[in-house]
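One structure is given below, represented as structure tokens, and several questions about it will come after.
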Amino acid sequence: MHQLEVKNIVKSFKDVQAVRDVSFSIPQGKFLALLGPNGAGKTTLVEMMEGLRKPDSGEILINGKSWLKHEKELRKIIGLSLQETRFTEKLTVRETLRLFASFFGLGNERMDEVIDLTDLGDKQKAMVGTLSGGQRQRLALAVALLNSPEILFLDEPTTGLDPHARLDLWNILNALKQQGNTTLILTTHYMEEAETLCDEIIILDNGKILRQGVLKELLDGHAKNLDELFIQLTGRHLHEETLDK
Amino acid sequence: MKKHWTNNQLYQLILTQFLETIREPSVLFWGIGFPILISIGLGLAFTQSSGTQFHVNIVENHATALDSLIIHYGTKTMHDKSVVYTWTVADSTLGNTKFIFKNSTWNNAIVALKRGEADLILTYSGGKPCYHFDPHDAQAQLLYLKLSHLLQHPTVKAIEAEGHVTPLTLKGVRYIDFLIPGLIALGILNSLMWGISYSIIERRSQKLLRRMIATPMRKSNFLIALILVRFVMNMVEAGVLFFFAWLFFSTTIQGNIGALFLLFVAGNVAFSGIAVLISSHTEKTEIGTGWINAITMPMMILSGIFFSYHNFPEWSIGFIKLLPLTLLTDGIRSIFNEGAGLMQVAFPSLLLLALGVICFIMGLKRFRWF
Ligand SMILES: Nc1ncnc2c1ncn2[C@@H]1O[C@H](COP(=O)(O)OP(=O)(O)O)[C@@H](O)[C@H]1O
Ligand SMILES: [Mg+2]
């Protein structure tokens, strides 16, 4: 059985069709990248999977269960980091984690584990307001991992980070992949991120799926990399930074 | 898995909310320091008027009988590079009155009057003093009465028989007694409107609210924690202000403490409800700030915090009396100063509670968690 099934999802805002008839599914333990430029509809799609937005039509099932009927249950088995969450600056890393741990009825043991996993040991007592961008993203990841989620959703976890901080995060996620217990849905507009971390890649543009598959299948045409493929498909780059190269 | 009470989510929400509050130094200043400073400033300005001082400019071409009188009774001093004569009339009941006389030209006297450096101009012609002052200026009128009396009977006290004046300096009628309950009520209003509304809107705009409800957190726990922490902070703030007023101005609570607590709770419920309602939908702190100001500012002015609302036109009083801040302020005042009990504050308390609950329900109905 697929752990996550997305069927014919449509979502519009006033004058924008953000997601137009998207369907896919993913088995347990796989890492999936939603790759697309700004405004492709990645966040809208992910937030519907997270049960934070209602689709106009279509169905999303996690372990065969829908958000409408099983919200309470599903909240306990997913973990997520939103595209832009600013945690309270006047709390320490550990206080923030303890607060979120309490929502799941978890105690110190699990907190120590995620602090270890995200390498925040020496920042435990630091105020969130004093953290660097990379450290904040690792805190967001730590919060997302607290309940040992079956499915983890990360919305642009490395956008705006320097290459070093990005690599740190990739290492953490790779370690998670080795354990094999977590399914990951990750959105990004960095092709390297999709290439290095994920088993399966969905290229999204204008609310529609352009291509879907493993990296090899996607590149078996004439494209050298994913950005080239995207240019072939749309005539545009994945993101502006690529243009400067 | 062993369960420990510190892992309880309501406890953690309250704890983090509390930590966040006290780690914001400005909270302590605006919540505790500021009301105390106001009460010192205004309290001293209005309660300690043990003596009065008047400035009189004398305009004359040559020495007259007036001068000899003033030189005889006054003390010569230098003030701002010119000679002034200070004539003090002692009065143990009404406080001493100090007349400060200064010779000047007519033009200079007019300038001094305009600048507020002089209260009255005195001339002397045909053997009689002549008083020049603005008849709309109550201070100048009083000076005229005192001064004309003094010049006629220089050796006699202004109020001859002290028995005719009974000073009313009872507790409860001083300005500070009027002010302290008002400051307590205003503190509750401000702390809840800014503390609750602003923190909800800020969290919504930071996507923190959305992040929190993406967990099994109970939404009610979040609001309970937010309100409870504010309520306790308000108790502390009111307590500190009262302690201060008791220490320096001997303010006391003449009425029923239970009634005060009921009213205090009702006021907190009312303003928490309003705070939740105005922060229920918006994501922009600017809009939130606008709403908070639109609600707190008019009440701050109309509800008689600093001066009695009976100065407003007759037709508006009925409406002003029903404003939540007025209900709270009048209630607290009646308990502090008039010895009111449960019966007297039951109606305003009920009204405040009802308002709070209605706003709260309306706010929850349209509350946007994300
Ligand atoms: N709350 C909203 N109201 C109106 N339009 C929105 C809203 N959220 C997203 N959109 C629009 O939907 C489209 C997809 O946005 P989004 O899902 O954020 O894309 P991405 O995450 O891929 O950058 C964009 O055109 C965006 O402007
Ligand atoms: Mg996005």
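FYI, it's all coordinate maths here, none of it is from the lab. What you are looking at is a predicted structure, and each value in this text was computed from that prediction instead of being measured. Positions of Cβ are backbone-derived with ideal geometry, glycine not excepted, and every protein chain shown enters the neighbour counts.
Normalised by the number of residues in the range A:86-148, what is the relative contact order in percent for Cα pairs under 8 Å and 6+ residues apart?
Averaging sequence separation for qualifying contacts and normalising by length gives 47 percent for the range A:86-148.
Rounded to the nearest 0.05, what FRET efficiency is calculated for residue B:45 and residue B:343 with R0 set to 51 Å and r the Cβ-Cβ distance?
In this case the efficiency is close to 0.90.
Taking only Cα atoms, what is the 0 to 90° angle, nearest 10, from helix A:133-145's long axis to the longest principal axis of chain A?
80 degrees
For the pair residue B:236/residue B:155, report the inter-label distance in nm, with labels modelled 7 Å from Cα in the Cβ direction.
Here the modelled spin labels are 6.6 nm apart.
Next up: Which whole-angstrom value gives the distance between the alpha carbon centres of the range A:206-230 and the range A:141-172?
So the separation of the two Cα centres works out to 24 Å.
Can you compute the helix-only [θ] at 222 nm over chain B? Use -39500 (n - 2.57) per DSSP H run of at least 4 residues, normalise by all residues, nearest 500 deg cm²/dmol.
-18500 deg cm²/dmol
Among the listed pairs A:42/A:90; A:65/B:219; A:42/B:219; A:76/A:216; A:11/A:72, which are separated by more than 25 Å between their Cα atoms?
Listed pairs above 25 Å: A:42/A:90; A:42/B:219; A:76/A:216.
In whole angstrom, note down how far apart the Cα centers of the range B:57-85 and the range A:73-100 are.
The two parts, judged by their Cα centres, are 78 Å apart.
Continuing with this model, one more query. Cut-off under 16 Å on the C-alpha distance; same-chain residues fewer than 8 positions from residue B:284 excluded. Which aspartates and glutamates are left, in chain and number order?
Excluding near neighbours in sequence, the set is A:84, B:202.
Something else about it: Can you list residues from other chains, or at least 5 along the same chain, whose modelled amide H is less than 5 Å from the amide H of residue A:147?
Result for residue A:147 returns nothing.
Where a Cα-Cα gap under 15 Å defines reach, which aspartates and glutamates qualify for residue B:114, not counting those fewer than 8 residues away within the same chain?
Of all the aspartates and glutamates, those that pass the test against residue B:114 - Cα under 15 Å, at least 8 places apart if same chain - are B:134, B:137.
How would you classify the range B:19-80 from its alpha-carbon gyration tensor, with a ≥ b ≥ c the square roots of the eigenvalues: rounded for a/c under 1.5, else prolate if a/b is greater than b/c, otherwise oblate?
Judged from the Cα gyration tensor, the range B:19-80 comes out prolate (a/c at least 1.5, a/b above b/c).
Let me check I have the definition right: for the range A:86-148, take the eigenvalues of the Cα gyration tensor, multiply each by 5, take square roots. What are those semi-axes in whole Å, largest first?
The equivalent ellipsoid of the range A:86-148 has semi-axes of 17, 12, 10 Å.
OK, next. Please report the net charge: other residues with Cβ closer than 15 Å to the Cβ of residue A:137, K and R +1, D and E -1.
With Lys, Arg at +1 and Asp, Glu at -1, the net is 0.
Distance in nm between label sites at residue B:312 and residue B:248, each 7 Å beyond Cα in the beta-carbon direction?
Here the modelled spin labels are 2.9 nm apart.
Also: Using a simple spin-label model with points 7 Å from Cα along the Cα→Cβ vector, what separation in nm is obtained for residue A:220 and residue A:108?
So the label points at residue A:220 and residue A:108 sit 5.5 nm apart.
Could you give the distance between the Cα centres of the range B:195-231 and the range B:325-370, to the whole Å?
23 Å
Moving on to the next point. Using the count of nearby Cβ atoms within 10 Å as a rough guide to exposure, how do B:247, B:147, B:42 rank from fewest to most?
Ranked by crowding around the Cβ, least crowded first: B:247, B:42, B:147.
What net charge is computed for the residues neighbouring residue B:273, neighbours being all others with C-beta under 15 Å from the C-beta of residue B:273, Lys and Arg scored +1, Asp and Glu -1?
+3
Over every pair of different alpha-carbon atoms in the range B:50-152, take the mean of 1/r and invert it; report that Kirkwood radius in Å.
13.9 Å
Please name whichever of A:87, A:114, A:131 sits farthest to the positive end of the charge dipole of the range A:20-138, dipole taken about the Cα centre and charges placed at Cβ: Lys and Arg +1, Asp and Glu -1.
Checked the options; the winner is A:87.
When chain A is treated as a GNM, springs tying every alpha-carbon pair under 10 Å, which of A:194, A:144, A:175 comes out with the largest mean-square fluctuation?
The residue with the greatest mean-square fluctuation here is A:175.
Could you state the angle between the C-alpha long axis of helix A:163-179 and the longest principal axis of the C-alpha atoms of chain A, as a value from 0 to 90 degrees rounded to the nearest 10?
90 degrees
Show which lysines lie in cross-link reach of residue B:128 when reach means a straight Cα distance below 20 angstrom and same-chain residues fewer than eight apart are skipped.
B:102, B:146
Find the Rg to Rh ratio for the protein assembly as shown, where Rh is the Kirkwood radius over alpha-carbon pairs and Rg uses the same atoms.
Taking Rh as the inverse mean 1/r over Cα pairs, Rg/Rh reads 1.20.
Here is a follow-up. Can you sort B:232, B:83, A:6 by how many other beta carbons sit within 10 Å, fewest first?
Least to most surrounded, the residues fall as B:83, B:232, A:6.
Also: Using only Cα atoms and rounding to the nearest 10 degrees, what angle (0 to 90) does helix B:219-249 make with the longest principal axis of chain B?
20 degrees
Counting only helical runs of four or more DSSP H residues, what would the 222 nm mean residue ellipticity of chain A come to if each run contributes -39,500 (n - 2.57) and the total is spread over all its residues?
It lands at -11000 deg cm²/dmol.
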